[in-house]
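**Student:** Attaching a single structure in structure tokens format; questions to follow.
The values are calculated or read from the model by the stated rules, or taken from the named source; none is laboratory data. The shown structure was predicted, so the numbers you read here are calculated from the model rather than taken from an experiment. Neighbour counts are summed over all protein chains in view; Cβ atoms, including those assigned to glycine, are modelled from backbone coordinates with ideal geometry.
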Amino acid sequence: MTTRSEGVVAGGDERRLHPWSWLFVLIQQLKSFALPLLVLLFTGRGNSWELWGLVGAGALVLVSLGQYFTFRFRVDDEGIVIRKGLLQKSLRHIPFQRIHNVALHQTLLHRVFKVAEVRLESAGGMQAEGEMRVLSLADAHALERLVRSHGREATPDVSAAAAAQESHTLLELPTSEVVRLGLISNRGMLLVAAAFGIAAQTAGEQVGDAIEYVADHAVGWTRAYELGVAGTVLAAVVMLVFAVVALRLLSVLLALLQYHGFVLTETGRRLSAQRGLLTRLRASMPRSRIQAWSLRESLTHRWLGRQGLRVDSASMETANDNRSLRDLAPVATPAAMAGLIRHLLPGHAWPLAQWRPLHPRAWRRQFAFPALFAFALTGVLTWLNGPWGLAALALLPVFALRAVVWARHAGYSVEGGLVAVREGWLDKRWRFAEVRKLQSLTLGQSPFDRRHGMASLLMDTVGASPFEPPLRVRYLPEAEARALRDQLAAAMEAAATPARTPA
């Protein structure tokens, strides 16, 4: 077995993890039992059940030490071999061609010990192919370079050192850009909503009493100073503004923690990104693994002159993993974003120039469900409050105007081997992918669609995120939808068929 002073090299002997790896395994396991241990600590009231927490902690220490002494890995010319287990042993060989992403994860404690957690991710797997918790930072970087130099994208005559020299930066976010990202995002609202939900579940009565206490004191304060209706409204507006500012500041703080020092680099055909203030994350993947693109420009984006870009990669496990390389460009100017897309999609023009409209009556399809909701709400409010409930019908013209504006700005484009869909007005989204990356085509029609002679085409890709809108063209004329399906199917078949050399 090699010593720690020797680096990770191909063809070397088996190696252990870092000597402190058992500590990080223990911390990870304790996180899973943190809530039960806290419940025992604060609700045990001195009985003997509290001792079981100490027994469990001691067992976790033994398990962590056992994982350290039984875990071995070795790098050969074809891949990485991982051997682990004492009673139930396992031997796993991971070819370099199967590894499409090497993710390095560093918390503040990792950085103190100069170590990193390494995940080897494949295409289409529900779990990581291999996870090493933890390696020294030098070994983690050496392993990452070995995977890059032996990957499918690398050429045989290019060494790891030469590949490292070819690395260049595609996007770098200074602190000012990260602050803009925080102002754009609503991460603060999500965090507050999650905290409120947890508090309501664990201490519902106390939360209700606190809200009632604040409301009573606010009303009492306005009455004591005889502010009247205008003063009460002004106080409510001030409190609302204060809440909005506080949430935005919280969003900025979360953005700094997550995206501080964001740098997107390219080495050969592989993309890498690192980010994070306290916890440093580093992920990489080949460009060929990108399956679909999602470009967003909300109203706040436009106020600040920015856009955001996310990608779907050919890996099922990265759909809900913050260590994956999904946020390819969290925030950038439209010009910088267009240049990045053109660089990563050579041969494709962006922005696209030829956009085709939807069915002339697409707005009716978009208006149908909001109208049903408005009628249902009107019926419930009328039953509860009498004729005053009819005021909910005022939502109908608002929903109709929204549907008309949405249909006017929606469209699709098939240009130069790229299929794209755009939707939205205040919150604009572009969803696009290379035609050769499409996996399936589904033509759908509801009874309402058949009545109006329209259809929708769903285009599926590998690794599609459930948190992003699907790649689909909605509410096309039926004949046009079928023609588009046939056109894309022929292009997919041509891309899948290998070219034949003439005899």
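**Student:** If you take the residues of the stretch 447-489 that are of a type in the set (Gly, Ala, Ser) and within 31 Å of the chain's Cα centre (by Cα), which of them is surrounded by the fewest Cβ atoms within 10 Å (Cβ to Cβ)?
**Tutor:** Only one residue fits best here, namely 489.
**Student:** Failed condition for residue 282, given (1) of a type outside the set (Gly, Ala, Ser); (2) over 20 Å from residue 178 (Cβ atoms); (3) under 18 Å from the mean Cα position of the chain (by Cα), with all others met?
**Tutor:** It fails just one condition, (2).
**Student:** Also, quick follow-up: Could you count how many residues in the stretch 9-26 are among the aliphatic types (A, V, I, L, M) and in contact with a Phe, Trp or Tyr (Cβ under 9 Å, 6 or more places away or on another chain)?
**Tutor:** Number satisfying all stated conditions: 3.
**Student:** With a cut-off of at least 2 residues that are surrounded by fewer than 18 Cβ atoms within 10 Å (Cβ to Cβ), name the strands (runs of 3 or more DSSP E) lying wholly within the stretch 244-295.
**Tutor:** It comes to 263-267.
**Student:** Restricting the search to the stretch 426-444, which residues are out of contact with any strand residue (DSSP E or B) (no Cβ under 9 Å at 6 or more places or on another chain) and closer than 24 Å to residue 349 by Cβ?
**Tutor:** Within the stretch 426-444, just 436 meets the criteria.
**Student:** Now a separate question. Under the condition of being more than 13 Å from the chain's Cα centre (by Cα) and hydroxyl-bearing (Ser, Thr, Tyr), which residue from the stretch 296-316 is surrounded by the fewest Cβ atoms within 10 Å (Cβ to Cβ)?
**Tutor:** Result: 300.
**Student:** Tell me which of these residue 413 doesn't satisfy, since it passes every other one: (1) surrounded by fewer than 14 Cβ atoms within 10 Å (Cβ to Cβ); (2) among the hydroxyl-bearing types (Ser, Thr, Tyr); (3) in contact (Cβ under 8 Å) with a residue 60 or more places away in the chain.
**Tutor:** (1)
**Student:** Among the residues that make up the stretch 374-383, is at least one of them under 30 Å from residue 452 (Cα atoms), among the hydroxyl-bearing types (Ser, Thr, Tyr), surrounded by 15 or more Cβ atoms within 10 Å (Cβ to Cβ) and in contact with a Leu (Cβ under 7 Å, 6 or more places away or on another chain)?
**Tutor:** Checked the stretch 374-383: at least one residue is under 30 Å from residue 452 (Cα atoms), among the hydroxyl-bearing types (Ser, Thr, Tyr), surrounded by 15 or more Cβ atoms within 10 Å (Cβ to Cβ) and in contact with a Leu (Cβ under 7 Å, 6 or more places away or on another chain).
**Student:** Please verify whether residue 339 is modelled with pLDDT of 90 or more, among the small types (Gly, Ala, Ser) and either part of a strand (DSSP E or B) or closer than 18 Å to residue 179 by Cα (or both), treating the condition exactly as stated.
**Tutor:** no
**Student:** Kindly indicate the residue of the stretch 172-188 that is surrounded by fewer than 20 Cβ atoms within 10 Å (Cβ to Cβ) and assigned to a loop (DSSP other than H, G, I, E, B) and also modelled with the lowest pLDDT among those meeting that condition.
**Tutor:** Restricting to residues being surrounded by fewer than 20 Cβ atoms within 10 Å (Cβ to Cβ) and assigned to a loop (DSSP other than H, G, I, E, B), the top hit is 186.
**Student:** A follow-up question, please. Against the condition more than 24 Å from residue 480 (Cβ to Cβ), surrounded by 13 or more Cβ atoms within 10 Å (Cβ to Cβ), modelled with pLDDT under 95 and not polar (S, T, N, Q), how does residue 424 come out, does it pass?
**Tutor:** No.
**Student:** Another one. Residue 392 is checked against (1) within 30 Å of residue 481 (Cβ to Cβ); (2) surrounded by 14 or more Cβ atoms within 10 Å (Cβ to Cβ); (3) small (Gly, Ala, Ser) and fails just one. What number does that condition carry?
**Tutor:** Going through (1) within 30 Å of residue 481 (Cβ to Cβ); (2) surrounded by 14 or more Cβ atoms within 10 Å (Cβ to Cβ); (3) small (Gly, Ala, Ser) one by one, residue 392 breaks only (1).
**Student:** Test of understanding: among 143, 135, 120, which residue is buried (at least 21 other Cβ atoms within 10 Å of the Cβ), touching a strand residue (DSSP E or B) at 6+ places or on another chain (Cβ under 8 Å), part of a helix (DSSP H, G or I) and on the phi < 0 side of the Ramachandran plot?
**Tutor:** After ruling out the rest, the residue left standing is 143.
**Student:** Of everything in the stretch 228-243 that's loosely packed, with under 15 Cβ neighbours inside 10 Å and of a type in the set (Gly, Ala, Ser), which residue is farthest from residue 185 (Cα to Cα)?
**Tutor:** 228
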